[in-house]
1. Among the listed pairs A:Lys45/B:Lys213; B:Lys45/B:Lys203; B:Lys286/B:Lys313; A:Lys138/B:Lys89; A:Lys207/A:Lys249; B:Lys123/B:Lys154, which have their C-alpha atoms separated by more than 24 angstrom in this model?
2. Placing the label point 7 Å from Cα along the Cα-to-Cβ direction, what are the distances from B:Gly310 to the equivalent spots in the other copies, shortest first, in nm to one decimal?
3. Mind listing the long-range amide H neighbours of A:Tyr30? Cut-off is under 5 Å, sequence gap 5 or more, other chains count too, H placed in the peptide plane at 1.01 Å from N.
4. Antiparallel DSSP bridges in segment B:165-313: what percent, to the nearest 5?
5. Checking the cross-link filter: which lysines have an alpha carbon closer than 17 Å to that of A:Lys109, excluding same-chain neighbours under 8 positions apart?
6. Spin-label point model (7 Å from Cα, Cβ direction): what's the B:Lys23 to A:Lys286 distance in nm?
7. For chain B, calculate the relative contact order in percent as a whole number, restricting contacts to Cα pairs under 8 Å that are 6 or more residues apart.
8. Between A:Glu188 and A:Lys110, with labels modelled 7 Å along Cα→Cβ, what's the label distance in nm to one decimal, could you check?
2 protein chains.
Amino acid sequence: MKTDKIQLSAGGGGQESEALIEKIRKFLGYQGKWHGQNEDSAVTKSGQGEFLFFTTDSYTVSPLFFPGGDIGTLAINGTINDLAVRGAKPLAISLGLIIEEGFSESDLKKVLRSIGRISDQEKVPVVTGDTKVMGKGKVDGLVINTSGLGTGTKIIPNSGLRPGNKIVASGTLGDHGATILANRFDYESALRTDCQPLWSQIKSVQKHLTACKDPTRGGLAAIINEMASKAKVKVALDEGAIPFRKETKALCDILGVSPYELASEGRLVAGVAAKQAEAVVKKLQKFDKKAAIIGSVSRGQGVYLKTKIGERKLPVPEGKLVPRIC
Amino acid sequence: MKTDKIQLSAGGGGQESEALIEKIRKFLGYQGKWHGQNEDSAVTKSGQGEFLFFTTDSYTVSPLFFPGGDIGTLAINGTINDLAVRGAKPLAISLGLIIEEGFSESDLKKVLRSIGRISDQEKVPVVTGDTKVMGKGKVDGLVINTSGLGTGTKIIPNSGLRPGNKIVASGTLGDHGATILANRFDYESALRTDCQPLWSQIKSVQKHLTACKDPTRGGLAAIINEMASKAKVKVALDEGAIPFRKETKALCDILGVSPYELASEGRLVAGVAAKQAEAVVKKLQKFDKKAAIIGSVSRGQGVYLKTKIGERKLPVPEGKLVPRIC
């Protein structure tokens, strides 16, 4: 059905999101000397063999506080990670707060404390900000926008997967999405968000990565299809090798949700030349024991899931995804 | 009254805004090699005699469309101007859209067309973006965040006013605020927003400016008090010399609003050494005939308004300012 009204599904990170973003992009013609506009961060040359990276993200998560994190950790880590997956060392972050009138100042302080803690720990300063207050009922509690600047000498493209590459994941997938879902359905579990900054991990293996993304909105299914499509290759994932927490699987079974479509906020999925794959996984295991090789790349197209009984297509998520997961 | 609840007045750009921003800043300790965090854009060295500027702003204006502009023109011009008033040539803009479910796609296109038009005209590319959709009633229509990067070789400080300087304004003040107010009260007038990019104007006079700001939220009263206070000087404004449209004055009389507190979105107010002031105004008049010398700087403190019958203090705005003006 064709409608002039923007649907909730256009914000989920799946097919409908892509369609809306394509439409938006058409209005933004002039691009100067920038490229990578449809990657996690855009990039321009900033000197001899040096690049400047720029990215932005808004956070509308509900609830604002959840096991292992809050909207603040999500915002600063999300922006650090959008830089890191492109090979950029994060240089500075901006903080745009949009607050509902009557929002609790002590809750705001908790969120700011989270942001300050990651900023200190990662040595990524929050250098510029803006605060708006909207009337009661005009925004739901607190929305945050963070933009980020990064620098680097090597760009990791989203589109760099090559036949013969292995696909590696840096830990269990979908923990963040499962945590938010469990919280919304008052489902008791030991689930905690995986939300964390990824720059240290990526820096330790950067030279071996042919492509890299963090599986946020739309989860592994969204980003691996994007990577395969941009590189014009086939990806075969090994169902048994993809690390999931058993709590995530259990929750997905109960709710009828695909774990492949659940967001992570502190994991990376990357392509690596086959002969370096074991070494890369070993390095990533220093950060998280669950890091693993989860698939391989070959000529062809599409993403497939190898199960005990054969192979099935893993499609781009569509329709009613979990809203306001990040 | 002490309360844990954030008040609408904390978003108006006056005293309460400053108090909230001070609290926020306390949580953000690590600042690396950046400075100017409480100016319109932050700055760091990026090379021999070169600086990189970074700024962010969210736009929550209501209504979204108004005579002479819309939330799109406001967002891109606002961010260009936060760079320009610091002496930075705008390099790139990010675009974060937060859309209410059911928002009209054709209205979104109008807003994007506005952004695209200014981007093309000013050669400032929108290089990275993010789109979120929130459920019905969770955000009021459309909120936009734009962040911006700029480069420059000379920083114009907010704090640079010196005794002996003249204060210049680049055109009639408060047009934007008056336009939004008139629209809200269904008051018929010829008012149009002054929303426009300021980089060309500022570039033409940059070497003569000792300090510069654009009088957005809180209007002239807010920014001139900020400039006087940061520079530890007294500013005396000549009431008769400050350019206002007669429609703005008339609207203010009817509504009991101070024109000095109404936002402009395409004007600059700057300090200039006395002997260059006439020449600077002449250059600014090439862009807008209403550019004028509106006051002077001396030793002392505070901002005063010289009227026909004497001198009165022009205080920092406080309390119930016009909400959601930008």
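1. A:Lys45/B:Lys213; B:Lys286/B:Lys313; A:Lys138/B:Lys89; A:Lys207/A:Lys249
2. In ascending order, 9.4 nm.
3. Counting only residues 5 or more places away or on other chains, the set is B:Asp120.
4. 80
5. A:Lys132, B:Lys2, B:Lys5, B:Lys23, B:Lys26
6. Once both label points are built, they end up 4.3 nm from each other.
7. 24
8. Roughly 2.1 nm, to one decimal.
The values are calculated or read from the model by the stated rules, or taken from the named source; none is laboratory data. This structure is a prediction, so every number in the text was calculated from the model and none was measured. Cβ coordinates were reconstructed from backbone atoms using ideal geometry, including for glycine residues, and neighbour counts include every protein chain displayed. Areas reflect the complete protein model, heavy atoms only, side chains present, ligands, DNA and RNA absent. Shrake-Rupley method; radii C 1.70, N 1.55, O 1.52, S 1.80 Å.
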